[in-house]
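**Q** Below you'll find the structure I mean.
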Amino acid sequence: MYLIHGILSMFAIGLAFLHKTNLGSHGLIRLTGDWEFDIFLGLLIYSLLFMAGWLTARIRPLAMLKQVLEHIFHHELSVWLHRLNIIAVILVFIHVQLIGYMTNIYAYMLLFDLYSAATAIAYCVKKIHDYRFLPAGKLISKRELKDNFFEFKIQVPHLNFRKIQAGDYIFIRIPHQSGLRELHPFSVVNQVTDNNVITLAIRGDGDFTKKIQAINIGELIQVDGGYGRFNTLISENSGDRLVLITGGTGIVPMLAIIDAHPERDMTLFYAVHASNDQLYVSQLNHWANTRPNLTVHIQTGRFTPADELKTIRANRSTFLISGPYALGKNWVHVLKQQHVAANKYYYEEFNW
């Protein structure tokens, strides 16, 4: 949906450019039109670099530029800059109200105004919900898994957790900490049960993830979620063996899936760049030793998908993939070559 949103936005800006170059105007009509177009165009360029992880993951120079500029444009600043879209939309609304021949088309203007009002109300309701009524919990545990990598346990009382399913991710915000007040996504490590505890494993890659390492036990944390497609795919293919393919921090949602489905036949392929990058290996080995229907493969360096698929009945398997772009791209390419149906695999990129 993020991708569809981005494509539709670029298409709309393209139409705005055609409108701008082919229809002349003057005075305040032209001024509001020029301002909103410039804001949209500037935010498009900014978003392609900072908010389109699917693009920077594929173009190395853009990823390097993003890493340099992230020291200036932090996560919270990026979110606030993105809100300039609101100003641009208001300018569009004013722009249309100033065009005399448009305001004379009463039916169109009624529809335009009603649609604008409905959108504004929906937006405000969502934002009020996000900042005032999101479920709130407290940090009850924090431990360092390894250098620059922490595990957090958040207990959220009085919340129905049925909507947070194994493999989901959630958004969290810490309203009383500067730089952590905007929602940020993280995958959930555990199967959330009646104890109302959510476990997150967070590596300090960016400004948000580094700052969160310093929060204290008892800190108030708001939660939005869960979201994700893994559980849907698992349910839709209930008779299949689950093949979990992951690397690096992509292991996080897979832990919850393994924990939540002890009855399912599973094979895990977990690749890391170096042995000290491995996470929760003791837990994985414990499951592998106590569950005969679970096979765990952990290695340093990439697996070769074509070779591994020779040991698996691909037509009776569902493939869940998470982690680095190169890993996901490689596996998806081979699965397509093997004519695995599109509803039998899903790759969740860790990009935002």
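**Q** Can you confirm whether Ser141 is modelled with pLDDT under 90, hydroxyl-bearing (Ser, Thr, Tyr) and either closer than 26 Å to Gly206 by Cα or part of a loop (DSSP other than H, G, I, E, B) (or both)?
**A** For Ser141, the condition - modelled with pLDDT under 90, hydroxyl-bearing (Ser, Thr, Tyr) and either closer than 26 Å to Gly206 by Cα or part of a loop (DSSP other than H, G, I, E, B) (or both) - is not met.
**Q** A follow-up question, please. So which residues in the stretch 1-25 are open to solvent by 50 Å² or more (accessible area, probe 1.4 Å) and not in a helix (DSSP H, G or I), if there are any at all?
**A** Of everything in the stretch 1-25, those that are open to solvent by 50 Å² or more (accessible area, probe 1.4 Å) and not in a helix (DSSP H, G or I) turn out to be Met1, Leu23, Gly24.
**Q** Where the second residue is surrounded by fewer than 16 Cβ atoms within 10 Å (Cβ to Cβ) and assigned to a loop (DSSP other than H, G, I, E, B) and the first is of a type outside the set (Ser, Thr, Tyr) and lies in the stretch 183-199, which pairs have Cβ atoms under 7 Å and are six or more apart or on separate chains?
**A** These pairs meet every condition: Pro185/Trp352; Asn196/Pro157.
**Q** Residues that are touching a Phe, Trp or Tyr at 6+ places or on another chain (Cβ under 9 Å) and in contact (Cβ under 8 Å) with a residue 60 or more places away in the chain: which strands (runs of 3 or more DSSP E) entirely in the stretch 259-352 hold 3 or more of them?
**A** Qualifying strands (runs of 3 or more DSSP E): 317-323, 345-349.
**Q** Follow-up. Can you pull out the residues in the stretch 223-236 that are crowded, with 18+ Cβ neighbours inside 10 Å, in contact with a strand residue (DSSP E or B) (Cβ under 8 Å, 6 or more places away or on another chain) and not aromatic (Phe, Trp, Tyr)?
**A** Val223, Gly225, Gly226, Gly228, Leu233, Ile234
**Q** Moving on to the next point. From the list Val188, Val197, Val252, exactly one residue is among the β-branched types (Val, Ile, Thr), under 15 Å from Ile172 (Cα atoms), under 15 Å from the mean Cα position of the chain (by Cα) and surrounded by 16 or more Cβ atoms within 10 Å (Cβ to Cβ). Which is it?
**A** Val188
**Q** Cβ contacts < 7 Å: first residue touching a residue at least 24 places away in the same chain (Cβ under 8 Å), restricted to the stretch 31-51; second residue acidic (Asp, Glu), any location; separation 6+ or different chain. Result?
**A** Partner pairs satisfying both residue conditions: none exist.
**Q** State the number of residues belonging to the stretch 149-158 that are without any contact (Cβ under 8 Å) to a residue 60 or more places away in the chain and either open to solvent by 20 Å² or more (accessible area, probe 1.4 Å) or not in a strand (DSSP E or B) (or both).
**A** Residues in the stretch 149-158 being without any contact (Cβ under 8 Å) to a residue 60 or more places away in the chain and either open to solvent by 20 Å² or more (accessible area, probe 1.4 Å) or not in a strand (DSSP E or B) (or both): 4 in total.
**Q** Also, quick follow-up: Among the residues in the stretch 232-244, are any closer than 20 Å to Asn330 by Cβ, assigned to a helix (DSSP H, G or I) and among the polar types (S, T, N, Q)?
**A** no
**Q** Go through Ala63, Ala57 for me and flag whichever is under 20 Å from Glu348 (Cβ atoms) and either touching an Asp or Glu at 6+ places or on another chain (Cβ under 8 Å) or aromatic (Phe, Trp, Tyr) (or both).
**A** Checking each option against the conditions leaves just Ala57.
**Q** Please work out if Ile174 is surrounded by 15 or more Cβ atoms within 10 Å (Cβ to Cβ) and either of a type in the set (Ser, Thr, Tyr) or modelled with pLDDT under 90 (or both).
**A** Judged against the criteria, Ile174 is not a match.
**Q** Restricting attention to the stretch 310-339, which residues are modelled with pLDDT of 90 or more and of a type in the set (A, V, I, L, M, F, W, C)?
**A** Phe319, Leu320, Ile321, Trp331, Val332, Val334, Leu335
**Q** Moving to a separate point now. Can you tell me which condition Lys20 does not meet? The list is (1) modelled with pLDDT of 90 or more; (2) within 17 Å of Phe93 (Cα to Cα), and all the others hold.
**A** Failed condition: (1).
**Q** Can you tell me which residues in the stretch 324-348 are of a type outside the set (A, V, I, L, M, F, W, C), open to solvent by 10 Å² or more (accessible area, probe 1.4 Å) and under 25 Å from the mean Cα position of the chain (by Cα)?
**A** Answer for the stretch 324-348, where residues must be of a type outside the set (A, V, I, L, M, F, W, C), open to solvent by 10 Å² or more (accessible area, probe 1.4 Å) and under 25 Å from the mean Cα position of the chain (by Cα): Pro324, Tyr325, Lys329, Asn330, His333, Lys336, Asn343, Lys344, Tyr345, Tyr346, Tyr347, Glu348.
The values are calculated or read from the model by the stated rules, or taken from the named source; none is laboratory data. From a predicted model like this one, the values you see are computed outputs, not experimental measurements. Positions of Cβ are generated from backbone atoms using ideal geometry, with glycine treated the same way; all protein chains shown enter the neighbour counts. Keep in mind that these areas ignore ligands, DNA and RNA; they rest on the heavy atoms of the full protein, side chains included. Shrake-Rupley method; radii C 1.70, N 1.55, O 1.52, S 1.80 Å.
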